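The values are calculated or read from the model by the stated rules, or taken from the named source; none is laboratory data. Quantities reported herein were computed from a predicted structural model and do not represent experimental measurements. Positions of Cβ are backbone-derived with ideal geometry, glycine not excepted, and every protein chain shown enters the neighbour counts. Surface areas here come from the heavy atoms of the whole protein model, side chains and all, with no ligands, DNA or RNA. Shrake-Rupley method; radii C 1.70, N 1.55, O 1.52, S 1.80 Å.
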Amino acid sequence: FPGLAAIAMVEASVEEAGAVTTSRRFYLSSAKLTPERLAEAVRGHWAIENSLHWVLDVVFREDQSRLRKGHGAHNMAIVRHFALNAVRLAKGKHSIKTTRKLAGWDTNELARILSPAR
């Protein structure tokens, strides 16, 4: 690995229903990191994973998309990000998933989500 400056292992323990599960994740870095900076980078990575990628997969079923060639996959990713941001801004009392479904069922709800004045 040219440019490799650090190899790190993060061990995480999760207690659920009285059972403890431990997992280890390994990271490669081109930057020399202190343990504190490494922890920030790992938390930042998982914050993005949990707030964006997980939502795109669960709400928009992104992992089930079969677009693989040409510009289709990239274009649809842009459309999904746009839609997710619009729904997040307008979601109100409903979940993101429910707000998205309501917009698909009701053109007035869709217009509300897409209107610039909120």
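With respect to (1) in a helix (DSSP H, G or I); (2) over 22 Å from Lys101 (Cβ atoms); (3) open to solvent by 50 Å² or more (accessible area, probe 1.4 Å); (4) touching a Ser or Thr at 6+ places or on another chain (Cβ under 9 Å), the lone exception for Ile7 is condition (1). Within the stretch 99-115, the set of residues being open to solvent by less than 60 Å² (accessible area, probe 1.4 Å), without any contact (Cβ under 8 Å) to a residue 12 or more places away in the chain and under 20 Å from Val55 (Cβ atoms) comprises Leu102, Glu109.
Residues in the stretch 22-50 that are under 19 Å from the mean Cα position of the chain (by Cα) and open to solvent by 100 Å² or more (accessible area, probe 1.4 Å) were compared, and the one that is modelled with the lowest pLDDT is Arg43.
Residue check: Gly92 meets all listed conditions (1) assigned to a loop (DSSP other than H, G, I, E, B); (2) of a type in the set (Gly, Ala, Ser); (3) modelled with pLDDT of 85 or more but one, namely (3).
Figure legend. Inter-residue proximity from the stretch 43-56: first residues on the phi < 0 side of the Ramachandran plot and assigned to a helix (DSSP H, G or I), second residues open to solvent by 90 Å² or more (accessible area, probe 1.4 Å) and among the acidic types (Asp, Glu), beta-carbon distance below 9 Å, spacing 6+ or different chains. Indicated pairs: Leu56/Asp63. Here Ala31 does not qualify as part of a helix (DSSP H, G or I), in the same structural domain as Ile7 (by the TED database) and of a type in the set (Gly, Ala, Ser). A single entry from His53, His71 fulfils the requirement of being out of contact with any strand residue (DSSP E or B) (no Cβ under 6 Å at 6 or more places or on another chain), open to solvent by 50 Å² or more (accessible area, probe 1.4 Å), assigned by the TED database to the domain that holds Lys101 and under 29 Å from Lys101 (Cβ atoms): His71.
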